[in-house]
Structure formats: C-alpha cells, structure tokens
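Student: My questions will all concern the structure given below.
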Amino acid sequence: MASPRVKQTLMAAAGAAGGDPLNVEDLFSTFLYTGNGGTQSIVNNIDLSGEGGLVWIKKRSSSDYHALYDTERGVQKYLSTNLTDQEYSSGVQGLNTFNNNGFTMGTEGSINNSSSTYTSWTFRKAPKFFDCFTFSGDGQDGRQIAHSLGQTPGMIIIKRTDGSQDWYVWHKSSTNVFSGLNTSNAAGISQIVFGNTAPTSTHFTLDHINHVYPNHSGQSYVAYLFADNNNGDGGFGETGDQDIIKCGGFTSSSSIEMQSITLGFEPQWVLLKQADGTSDWMIIDTMRGAPIVTVYTGDSQRLRANLDNGESADTVLHPTATGFNYRIDDTSSQYIYMAIRRGPMAIPTSGTDVFYVQKSTGADYTATFPADLLISTRTSSAPNYVFSRLTDRKYLLTNATDAEADAGSGLSGLFADQTGVNISPNWWGSSTTNTVGWLWRRAPSYFDVVCYIGNGTSGRTVTHNLGVVPEMMWVFRRSDTANRYVYHAGVNNGATNTTISLDTTLSVSDFGNFDFMNGTQPTSSVFSLSHTAANVNNTTYIAFLFATLAGISKVGTFTGNGSSQNIDCGFSNGARFVLVKATSQAGSWLIFDTARGLVSGNDSAMGFDNNLAEAAVTDYIDPHSSGFTINSAHSASDTYNPNSNNVSYIFYAIA
Amino acid sequence: MAEYRDRTSGEIKTKDQLKQENPNMSMPKVWNELSFDALNVDPVLAGKKPTEGIGQYQSVSRNGVVQDANSNWVEAWEIRDMFADIDGGQTKEEQEAEYQTRLDTEAATRNRNQRDNLIAKTDWWASSDLTMTSEQTAYRQSLRDITTHSNWPHLENSDWPTEL
C-alpha cells in the first residue's frame, strides 16, 4: 500500500497528466539576480508553495557558501553542499517564503548581499523529474525508502540535517558511491551504503553500516532524487513524449580531444564530475554562460558544488543541439553527469515574449525575457553587430564578411541577464550614443540557433531544435571570412540554389544561383550542407533559423506593385519588426521597427547589408493590423525601394 | 500586451479583458477583421516612443491612443515633467534640485567604489619588494585624483585613466 506522501504525489501527477502538459520551464529555472541587501522576491514562475521543491543559491561574484533551501525542511533552513555541517537556521534574513511563482528572501549575505551577483537553481517536485523529502534513520539494514519519482532515479543525494555528515551521492553510472558532494574525492564508497540494491521506480535501499552511513537511528536526513528520462519516457512537452533530465556517464579517450555527449536534447544545466578520480563537482548553465569560443576552446562559467568559490570562466563545456561537448585533458577516466533540457518547450503565444526592439541611449535593452540573439547598431553610421548566447562576447557583422571578433572581456556574460542585454556604453565609445537593439528569444516553431563545426563532407546534416521546417536560415562562418548565406523558402519555392547573402544587395541571380545546402531542403529536425561554403572542414559556424508562427512571425514573399499594398502576415496588432529584401534585382536588407518608427508618415530605414546611418526621409512603410503596408519609395531601381513594380521581394515580420 | 479600443466607448482593453467580457464567444487564436467587428473594437498598433528631446527632469509616459494618418489607432506617448509645484510644499525647482543631489550622490558613491577597486587591484605594485614604475605611480595618482575631474561625479568611461 502506498504511503500517504506517495499517494498525494501520484494524485498530483494524475492531475497534471489530465491538464496542461508539463514543460521544463514549469519545473526548473536558472534565475540570475543581483543582491539588494533587503527583501527580494524572485519570480521564476515555478510553483514552490503548491508543488514543493528545492532552491539552490550560489553567489557568483565572490566566494560564499552554497545555500540549499527546500519545501520539505521548510523556510529559513539551509544546507551547504560545500560543507558537512548540519542544517542551519537563517532566520528571516534567509529564504523566508516559498511562493507559487518563486521565492522571497531577506538580507542574508550568502543569498542577497547588496551588489553581489547570484544564481538560483530551482527544482520543482514532479514525477519523472525531481523528488525531495525528509526521513528519520531507524538503524536497520535493508531499509526501504519510498519515493515519488515514478521512475528509477538517475541520481540520489542524501544529507544528514541534524548533525555533521558528508553529502552521500549515488549515481547510476558510477560503480561506487560518492562521499560526497562536499568533496572532490572519487566515488570510493561501496554500494553497500545503498544496500547493494539498485534503486527502483518506487524505492531505494539504505544499509546502516558502522553507524557511519545514512540511516543511523534517531538521525534526520533529507533526500534529493533526480530522474533519468530515456527515449521519451519522461512524458513531457506538448506531445507528451519528451525527456527533460538525463543522468549518465562516459569514459574519456586520448583519441578524442572534445568528448561529445548525446542526451537527446540540448541542455541548459549540467552537473559533471570524474567518478574514478579527484575532481570538483562542476556546474555549468547557459544562463551564466557556456559559450563556444573556437573549435576546442570555451570559457564556460564554472561553479563547483564542493567549493565556495565564485564563478570562473575556465571550462570548455558547451551545449550542442543534441547534448554537450566537453574537453578533457586526461584519458580513460570515468565521468558522470546530470543534465537538464533547455527551455522553453512551449510554443510562444505572444510576439512580445520572444522579440523585443529598443532604441536606446547607451545600450541597455530591457526586454521581458532572457535573449538568445542580439543585433545592435548605432543609429548613426555603424556596423550591425550580431551577438548570441551560444557565442557570448564573440560577434559577427551582418554587413561584412569578416571572421568573428572578440568584443573583449568587458562584454563577457553579455547574456547573463534575465531581462534582455546590457552592453556597456564603453562598447559604443560614449554613454550618449543612440543605438538600436533587436533581441530574439529561442522558442519552438519560432526561432532557433545552432553552432556547428564543418566537416567538409557533402550531404552532412546538422540537427536543430526549431521543431518545424525552417523557412529562413542565416548561416555565418565564424572562424573565417565568408558571405552571410541566406536560405529563404519563398524564393523559387524554396529551391536551394537561390541563396542570397545578408552582407550584399545582390539579387539571387547575381549571387550566382549558389547552393550551400547540397540540393536538399531543410526538415523539421535537420538541415543539409554541401562540402564547401557552409561546411568547410574544421571551421566553426553559427546558423539562425526562422519560421512562420501564426500570429507571431511571418516568413513570406510579395511582388512589388510600385505604389502601395497591404502585406497580410496574419497578425492582430500589426508588425513590430519588418525585414524586406528584393530578390529579382539588387536591394538592401531593409529593416523597419516600431522603436525607431513604423508609422503613417516618413520612416527610418536601415540596412543589414550596410553600415549607413538610419534615414527618416521617406514613407517606406505604414502600420497595418494584419501585418504592414509597404509603399514604393525612391526610384524603381533604388536598393532602398521596398516595393518596386514587378520586383520579387522576401520579407520576415514579427508581431 | 495587445490592446484594443472599443469603437463605442473609446475604452482601451486587453485581449484577456475582452475574453472575460465575452465568455460565451468562441474566439480564434489570431484575431482578424471579423474578430474586431464581432467585438466592436479596433486593434491598437505600436506607436513610436520618444527617445530624443527628453529633458533632464522629464520622462516618457504612455498617454492613451491616437489615430494616425491612415486612421489606425496607435499608442500615444508623451514627454512629461517629473515634478510639479506642490501646493504648500516644495516647488518644482526644489524637487529637481533634490533629485539631482540624489543622482550626484549615487554617482559619486558608485565611482568612488570603482576607484577603490581599481586602486586595490594595483596594491601589489606597492609591495616592499617591488619598485613602481613612473607609469604605475602616475596611474595610481590619477585614480586618487579622479574626484577632481571636471566631469565628477558623472564620469564617462573615457574620463578614467587607462589601465596599465
């Protein structure tokens, strides 16, 4: 018979199964914040008060102990993974409320010191993801502890709460048990701690050996259990067949400089440790930054569960569309990991949740979401800089073929921001510079970003996570000069030999009817490449993928009529961003947006293909509820005319 | 948040408000002209928010909607003074002066902290077993003198001495 606690959770799971699908963004959050030295509420939209869970906080900017608060032990009680110490009371200065959308804390220095920067990792209790509970030891061998994961755990952490003891860690891919999370020691404890019995989907086992290990009579413990989804048995997402958490292991090899780990999803958070040797418990997340610098280098921001150090950018671990790459300098060593899928998994329902444009003095772009792509320029003459979360401070230009450049350490952590991007005014040379920033967030069916390394093989495919067939793709070579290849499904019915380039005004035919996609149209999961251009061996690339999403974005075409015409994008409140390019004759990649003015009157046009200042001299475009109204401007052959008679145009618009 | 203007009352409503007011109406995911007619509303389109000509003691605020030259209803924005005379209280100028003092104090604190951090980063130059170069001595002195800079406390990045 199931215990009351198990019954309660199973009922909750049944409720979830009958209602909205659960996505990773409902269950896990990396939320970065700056301490204010007062009361501060973190709104990460995780229901902790109703569902329960764990909040793990670590100061990033300097050393301080890890602080773990959970709903089972209650507020104002924390444990530290870098210490063996018992649970401490923080008083009201600590985390003092679990909310239905996050948590609230007081002034305690390890979690909310004024001006210090912090990361919080929140794990919500949910079947097939995470469970936590307290229990009292009974001193018996073969103790069966029931849990509510509904799936065999991939990792179990146990900590005594009423006295000093190591953080014991059982991991499915480690021969031995770790003792523990608070040390860099190899896994050196016999499985007898866990009764020499593998955990099941309903229980795990503890033995009581020499009064040392967990389950000592009269002592109190907390257990954190992490699931291991495989082949869709996680049951998450709109389709109910997606995995969001994976525990596994691998053996390093001297013949492979960069170890590629396949998870079946792109991770946002990775915990990794060598199992058979000394190493720290490394934690990497993509909010703080896990960028790909070159083929074999990176500067992922590392925190370590067993140490109180602040973060340091010294690790080469970065996500791929299907897992992660990790550079290891040793050979034949055993490693274990726990990885959590990147969100959001839900298809966006509002353009403002995934796109933001702002004209700014300086460059503090305050969106309502963490951005994944920023294109920014001065409104006076300047290049168009392309920054992405996956490459951090490395930037490319839309208007030139230059290889990627480094913006300098001052811009490190550019995307470590919950609300947009804040570029130091120093980047622009003056705090009074007028700039514009266009910010995209990755989301299914809307927009995706993929980094890959060329292999020089024709027919090679690259996996993406757009979830639908991309209708427009931009491919930038990072490590060398190259055109900014653009595929657009609207040109000649998506024929792949209709490439154009963001850095030029050339028409399709003048660009040479070039095909970088090996004659194969992209699918909802991969795009294909020929052996050159966008797939030169050992060369790094970044691809941006766009799609039409009803009411949110539109990738389309129109034929110019030389006067004025409404372009129906299927929007309700008009377009906030419009990109237009002539394809049958030379034409600039014209950008219009509501921040600079998309009005009934003269508009500010800028071009992705050039570094010219914006020009508000002509009525290029007018607002229209279903999309936009495009007007003829300048002479028919002018590259800034967005509606020349009988000229073919492509466009991309966002509501 | 998408907004809509009631054609009769002129009231501005959100999509959620309209859904709540019409609980028995089945609505498509994306609204079009038919939806607007059924609800007796017009969509409010994004308007251009002023970014220039904003005075030191002014801010940009939303000011309802306005009809553009093409008869679209668009967001209206206006530049407003941050302060006004208070009957029996502070004048507009007094409030501005108080506000400016607060900005000055905050900027001075922030820049003093930055100066202290930059000096601390070079403290090891002054170890007894090292001899500072003239450039190092000058750099540290420039940092100490930063409070006498003509732009103090509102410094540009270019106002700081170049790090050695």
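Taken together, the values in this text are just the output of simple stated rules run on the coordinates, not laboratory data. Given the structure is predicted, the values throughout are model-derived calculations rather than measurements. Every residue, glycine among them, receives a Cβ derived from its backbone with ideal geometry; neighbour counts consider all protein chains shown.
Student: I want to make sure I understand the PRE zone here: with the label point 7 angstrom from the Cα of A:Ser62 toward its beta carbon, which residues in the range B:103-119 have backbone N atoms less than 17 Å away?
Tutor: It comes to B:110-119, nothing else.
Student: Now for a separate question. Mind putting together the pair-distance distribution for the range A:245-341? All Cα pairs, 5 Å bins, whole percent per bin, short to long.
Tutor: 3, 14, 25, 28, 22, 7, 1
Student: Let me ask something additional. Over the residues of the range A:495-618, compute the C-alpha Rg and express it relative to 2.2 N^0.38 Å.
Tutor: 1.21
Student: Leaving out same-chain residues fewer than 8 places away, which lysines sit with a Cα under 20 Å from that of A:Lys554?
Tutor: Result set, ordered by chain and number: A:Lys581, B:Lys29.
Student: Follow-up. Return the inverse of the average 1/r over all pairs of distinct C-alpha atoms in the range A:109-151, which is the Kirkwood hydrodynamic radius, in Å to one decimal.
Tutor: Working: mean 1/r = 0.0711 Å⁻¹.
Averaging 1/r across every pair of different Cα atoms and inverting gives 14.1 Å.
Student: Related question: Rounded to the nearest 0.05, what FRET efficiency is calculated for B:Met82 and A:Thr134 with R0 set to 60 Å and r the Cβ-Cβ distance?
Tutor: The computed FRET efficiency comes out at 0.70.
Student: Can you sort B:Phe36, A:Phe651 by how many other beta carbons sit within 10 Å, fewest first?
Tutor: The order, fewest Cβ neighbours first, is B:Phe36, A:Phe651.
Student: Per-residue Cβ counts within 10 Å, from other chains only, averaged over A:617-625: what number is that?
Tutor: Mean shielding by partner chains, rounded to a whole number: 3.
Student: Still on this structure, please answer the following. Straight distance only, please: which lysines reach the Cα of A:Lys58 with their own Cα at less than 27 Å, same-chain residues fewer than 8 apart left out?
Tutor: Cross-link targets: A:Lys77, A:Lys125, A:Lys128, A:Lys159, A:Lys172, A:Lys246, A:Lys273, A:Lys394, B:Lys121.
Student: So if I restrict to the alpha-carbon atoms in the range A:159-266, what is the Rg, and what is Dmax, the biggest pairwise distance, in Å?
Tutor: Cα only, the range A:159-266: 16.8, 51 Å (Rg, Dmax).
Student: Full-extension gain between A:Arg327 and A:Asn497, please, as 0.36 nm times their residue separation minus the C-alpha to C-alpha distance. It would help to have the intermediate numbers written out before the result.
Tutor: Working: separation 170, 0.36 × 170 = 61.20 nm, distance 3.71 nm.
Between A:Arg327 and A:Asn497, full extension yields 57.5 nm more.
Student: Tell me which aspartates and glutamates have Cα within less than 13 Å of B:Lys49's Cα, excluding those fewer than 8 residues away on the same chain?
Tutor: By straight Cα distance, B:Lys49 reaches A:Asp593, B:Glu75, B:Glu78.
Student: Tell me the angle of helix A:4-18 to the major Cα principal axis of chain A, expressed in degrees between 0 and 90 and rounded to the nearest ten.
Tutor: 20 degrees
Student: OK, next. Under a Cβ-Cβ cut-off of 13 Å, what is the net charge of the residues other than A:Gly53 that fall near it, where Lys and Arg count +1 and Asp and Glu count -1?
Tutor: Cβ neighbours under 13 Å give a net charge of -3.
Student: Between B:Ser150 and B:Met1, what is the label-to-label distance in nm when each label sits 7 Å out along the Cα-to-Cβ direction?
Tutor: 4.8 nm
Student: Let me ask something additional. If each DSSP helix of 4+ residues adds -39,500 (n - 2.57) and the sum is divided by the residues in the protein assembly as shown, what number results at 222 nm, nearest 500 deg cm²/dmol?
Tutor: After summing the helix terms and dividing by the residues of the protein assembly as shown, the value is -3000 deg cm²/dmol.
Student: Within the set of other residues whose C-beta is less than 11 Å from the C-beta of B:Gln95, count the net charge using Lys and Arg as +1 and Asp and Glu as -1.
Tutor: -4
Student: If packing is taken as the mean number of other Cβ atoms within 10 Å per residue, what is the order of A:380-388, A:456-464, highest first? Write down the numbers at each step before the final one.
Tutor: Details: A:380-388: 20.2, A:456-464: 16.1.
Those peptides, ordered most packed to least, come out A:380-388, A:456-464.
Student: In what sequence do A:Asp228, A:Asp448 fall when counting other Cβ within 10 Å, fewest first?
Tutor: A:Asp228, A:Asp448
Student: With the radius of gyration and the Kirkwood radius both derived from the Cα set of the range A:41-140, what is their ratio Rg to Rh?
Tutor: Values: Rg = 13.6 Å, Rh = 13.9 Å.
My calculation puts Rg/Rh at 0.98.
Student: Using r as the Cβ-Cβ distance of A:Val526 and B:Asn70, and R0 as 45 Å, what FRET efficiency do you calculate, to the nearest 0.05?
Tutor: About 0.55, to the nearest 0.05.
Student: What is the range A:491-530's relative contact order, in percent, from Cα pairs under 8 angstrom and six or more apart in sequence? Intermediate results must be reported in sequence, preceding the final value.
Tutor: Details: 51 pairs, mean separation 14.2, N = 40.
Relative contact order of the range A:491-530: 36 percent.
Student: For the range A:553-654, restrict the atom set to alpha-carbon positions and state the Rg and Dmax in Å.
Tutor: Here Rg and the maximum Cα pair distance are 11.9, 33 Å.
Student: Okay, next question. Report the per residue volume, in Å³, of the convex hull enclosing the C-alpha atoms of the range A:447-546.
Tutor: 81 Å³
Student: Can you classify the range A:351-440 as rounded, prolate or oblate using the Cα gyration tensor, where a ≥ b ≥ c are the square roots of its eigenvalues, rounded means a/c under 1.5, and otherwise it's prolate if a/b beats b/c and oblate if not?
Tutor: Numbers: a/c = 1.35, a/b = 1.15, b/c = 1.18.
Because its axes are fairly even, with a/c under 1.5, the range A:351-440 counts as rounded.
Student: Which stretch or stretches of the range A:106-135 have amide N atoms under 18 Å from the point lying 7 Å from A:Gln86's Cα along the Cα→Cβ direction?
Tutor: Only A:134-135 pass the distance filter.
Student: Here's a follow-up. Taking 1 over the mean of 1/r across every pair of different Cα atoms in the range A:329-376, what Kirkwood radius in Å do you get? Could you put the intermediate results ahead of the total?
Tutor: Details: mean 1/r = 0.0675 Å⁻¹.
Kirkwood radius, the range A:329-376: 14.8 Å.
Student: Turning to a different aspect of this structure: Would you kindly compute the Cα radius of gyration of the range B:11-140 and its largest Cα-Cα separation (Dmax), both in Å?
Tutor: My reading of the Cα-based Rg and Dmax gives 27.9, 84 Å.
Student: Now, a different point. Could you list A:Ile423, A:Ile500, B:Ile79 in order of exposure, starting from the residue whose Cβ has the fewest other Cβ atoms within 10 Å?
Tutor: B:Ile79, A:Ile423, A:Ile500
Student: Using r as the Cβ-Cβ distance of A:Thr104 and B:Arg110, and R0 as 35 Å, what FRET efficiency do you calculate, to the nearest 0.05?
Tutor: Efficiency, from the Cβ-Cβ distance: 0.85.
Student: Something else now. Can you give the local net charge around A:Thr349? Use residues other than it whose beta-carbon is closer than 14 angstrom to its beta-carbon, Lys and Arg +1, Asp and Glu -1.
Tutor: So the environment of A:Thr349 carries a net charge of -1.
Student: Another question, then. Give me Rg/Rg_expected for the protein assembly as shown, where Rg uses Cα atoms only and Rg_expected = 2.2 N^0.38 Å with N residues.
Tutor: That works out to 1.02 for the protein assembly as shown.
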